[in-house]
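Notes follow the structure.
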Amino acid sequence: LLADHTTGRICVLSGGYPLALPVSYHWTNVGGVGRRILMRTRLGNTIASATGPASFELDHIDEIAGKAWSVIARGTLQEVHEMIEVPELRRWLMDGRGHLMELHVSSVSGRRFVSHMPGDDSAVVEWQLAG
């Protein structure tokens, strides 16, 4: 699911509180490099200043079909200093967001919820991933 989408939320600590910020991203799972989420930001902003433990969230809710899923990746957020090839990321904001950050992913968890009864707000967990 992480490889099939391009917009999610990076979750960092800011002023002692958790903060989730929307970002465009690229998921990579390359042998020898490991799993990582690449994103561009502006030098000096909240994301660029929040190196260290972080998480990334991605979810989808289809209320009509009664289905939803959620993925959380946890790891370490750091600046990218080496030259690497990164696909062009969709930029919602264009104000100098050329600073590359990466979340080195140490674990991924996720769940998919399905409602089996039309009009019923309750759901069951169809699958759950931890790794």
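The values are calculated or read from the model by the stated rules, or taken from the named source; none is laboratory data. Just so you know, these numbers come straight off a predicted model, no measurement behind them. Positions of Cβ are generated from backbone atoms using ideal geometry, with glycine treated the same way; all protein chains shown enter the neighbour counts. Note: accessible area is taken over every heavy atom of the protein model, side chains too, but ligands, DNA and RNA are not part of it. Shrake-Rupley method; radii C 1.70, N 1.55, O 1.52, S 1.80 Å.
Worth pointing out:
- Among the residues of the stretch 37-59, those identified as of a type in the set (D, E, K, R) and touching a residue at least 24 places away in the same chain (Cβ under 8 Å) are Arg40, Arg42, Glu57.
Results for (1) open to solvent by less than 30 Å² (accessible area, probe 1.4 Å); (2) modelled with pLDDT of 90 or more, shown as yes or no for each residue.
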{"position": "Ala3", "(1), (2)": "no, no"}
{"position": "Val12", "(1), (2)": "yes, yes"}
{"position": "Pro18", "(1), (2)": "no, yes"}
{"position": "Leu21", "(1), (2)": "no, yes"}
{"position": "Thr28", "(1), (2)": "yes, no"}
{"position": "Leu38", "(1), (2)": "yes, yes"}
{"position": "Leu43", "(1), (2)": "no, no"}
{"position": "Thr51", "(1), (2)": "no, yes"}
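- Scanning the stretch 18-36 for residues that are in contact (Cβ under 8 Å) with a residue 12 or more places away in the chain, under 18 Å from His99 (Cβ atoms) and either among the charged types (D, E, K, R) or touching a helix residue (DSSP H, G or I) at 6+ places or on another chain (Cβ under 7 Å) (or both) turns up at least one hit.
- Criterion violated by Thr7 - all others in (1) β-branched (Val, Ile, Thr); (2) surrounded by 17 or more Cβ atoms within 10 Å (Cβ to Cβ); (3) under 9 Å from the mean Cα position of the chain (by Cα) satisfied: (2)
- Within the stretch 53-71, being over 19 Å from Val105 (Cβ atoms) and either among the hydroxyl-bearing types (Ser, Thr, Tyr) or open to solvent by 50 Å² or more (accessible area, probe 1.4 Å) (or both) holds for His60, Ile61, Asp62, Glu63, Ile64, Ala65, Lys67.
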